[in-house]
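Q: Sharing a structure below in structure tokens format, with a few things to ask.
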Amino acid sequence: MYKEKDIDQTKDEVTINSISFSIDELEKDCWIQLVNGAIKSRSPFHTPCVATLNNSEVSMRTVVLRKALPLLKELRFHTDTRSNKWKELQNNDSISALFYDPSTRVQIRVKGKVILHFNDEMTSEAWQKTSLSSRRCYLTEASPSSFSTIPTSGLSEEVEQEDFTLAESEVGAQHFGIVTIQVKSLEWLWLNHAGHRRAFFDYVNDSYRWMIP
Ligand SMILES: Cc1cc2nc3c(=O)[nH]c(=O)nc-3n(C[C@H](O)[C@H](O)[C@H](O)COP(=O)(O)O)c2cc1C
């Protein structure tokens with residue numbers, strides 16, 4: 001956990017819990033935190049907010065971070081291919097993801113372009129690993145975001161009660177999509193009473209720089 005001390009204004013590095021990070025080391029640490037976010041369901045980084053563009057309107061929503069791949073600079077989440085966000089990303093491949101950990105007071109802001117995966121090897125592999133309970137998300141008869149005259153999950157009684165077999169859930173595979181974010185830039189902000197710290201990692205121009213918070 002980060003502590004609010006150990007700040008040396010003269011060094012070209014940031015010291016967190018008595019450990020000094022060069023800007024390159026800090027970049028690696030950001031990805032360690034993102035990988036942890038994908039693996040650990042209790043991590044605050046497990047559920048980022050992602051923003052897309054619907055023509056000129058911004059839309060945001062929470063998603064579950066499923067994968068963080070430091071070498072490829074990729075993040076992934078799962079979604080229904082009938083959803084609004086999927087359509088928005090088909091029209092405009094720009095995306096932004098926002099992470100905040102209140103315990104460390106670290107915000108990570110990601111900008112990227114997406115690749116949409118459906119009906120391919122990646123999706124079928126992930127679908128095989130998707131639990132019955134999670135498969136329910138892809139089993140609504142009407143598309144997500146359809147309006148309804150009653151408050152409902154949109155699932156049949158059996159599906160809602162998880163009274164269905166793995167074989168019966170296979171129909172959901174046709175709606176299962178993976179959004180891969182190719183991270184173009186990552187911005188780290190650490191809130192600290194003794195002075196905030198901020199860094200910008202630009203993967204397009206391969207430049208890492210400190211910023212004024
Ligand atoms: C904690 C949490 C996790 C969520 N995870 C996902 C997710 O991984 N994928 C997804 O499509 N929707 C997820 N949702 C639902 C979305 O936030 C959103 O309400 C829904 O997908 C409709 O978004 P859209 O209309 O922009 O497509 C999650 C919601 C919450 C509260």
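Q: Is it possible to state the helix-based mean residue ellipticity at 222 nm for the chain, with each DSSP H run of 4+ residues giving -39500 (n - 2.57), the sum divided by total residues, to the nearest 500 deg cm²/dmol? What is it?
A: -5500 deg cm²/dmol
Q: If you plug each phi of region 24-33 into the Karplus form 6.51 cos²θ - 1.76 cosθ + 1.60 with θ = phi - 60°, what whole-Hz ³J(HN,Hα) values come out, in order, with x for Gly and Pro?
A: Taking θ as phi minus 60°, the curve returns 5, 5, 5, 4, 5, 5, 4, 5, 4, 5 Hz for region 24-33.
Q: I've got another one for you. Determine which lysines satisfy two conditions relative to residue 111: a Cα distance under 19 Å, and not lying fewer than 8 residues away in the same chain.
A: 28, 67, 73, 85, 87, 184
Q: Normalise the Debye intensity by I(0) for region 14-211, one equal point scatterer per Cα, no solvent, then take log10 at q = 0.08, 0.11, 0.19 Å⁻¹ and round to two decimals.
A: -0.32, -0.58, -1.35
Q: Sorting check: for 92-101, 204-213, which peptide has the highest mean count of neighbouring beta carbons within 10 Å, and how do the rest follow?
A: 92-101, 204-213
Q: Can you give the FRET efficiency to the nearest 0.05 for residue 100 and residue 12, using r as the Cβ-Cβ distance and R₀ = 22 Å?
A: With R0 = 22 Å, the Cβ-Cβ based efficiency is 0.25.
Q: Could you give me the percent of Cα pairs per 10 Å distance bin for region 112-213, shortest bin first, beginning at zero and ending with the bin that holds the maximum distance?
A: 12, 27, 21, 18, 18, 4
Q: Label region 35-150 by shape, choosing from rounded, prolate and oblate, from the square roots a ≥ b ≥ c of the eigenvalues of the Cα gyration tensor; if a/c is under 1.5 it is rounded, and otherwise prolate applies when a/b is larger than b/c, oblate when it is not.
A: Working: a/c = 1.45, a/b = 1.23, b/c = 1.18.
Taking the square roots of the gyration eigenvalues as a ≥ b ≥ c, region 35-150 is rounded.
Q: Sticking with this one: Based on the alpha-carbon gyration tensor of region 12-55 and its eigenvalue square roots a ≥ b ≥ c, which shape applies: rounded if a/c is under 1.5, prolate if not and a/b is larger than b/c, or oblate?
A: Cα axes put region 12-55 in the oblate bin.
Q: For the peptides 103-110, 117-124, 188-195, what is the packing order when you average, over each peptide's residues, the other Cβ atoms within 10 Å and list the highest mean first?
A: The densest-packed peptide leads the list: 103-110, 188-195, 117-124.
Q: At residue 167 and residue 143, where each label point lies 7 Å from the Cα along Cα→Cβ, what is the point-to-point distance in nanometres?
A: With each label point 7 Å from Cα toward Cβ, the separation is 3.2 nm.
Bear in mind that the values in this text are calculations on the coordinates, not laboratory data. Here the structure is a predicted model, which is why all the values come from computation and not from measurement. Reconstructed Cβ throughout: ideal geometry from the backbone, glycine too, with neighbour counts over all protein chains shown.
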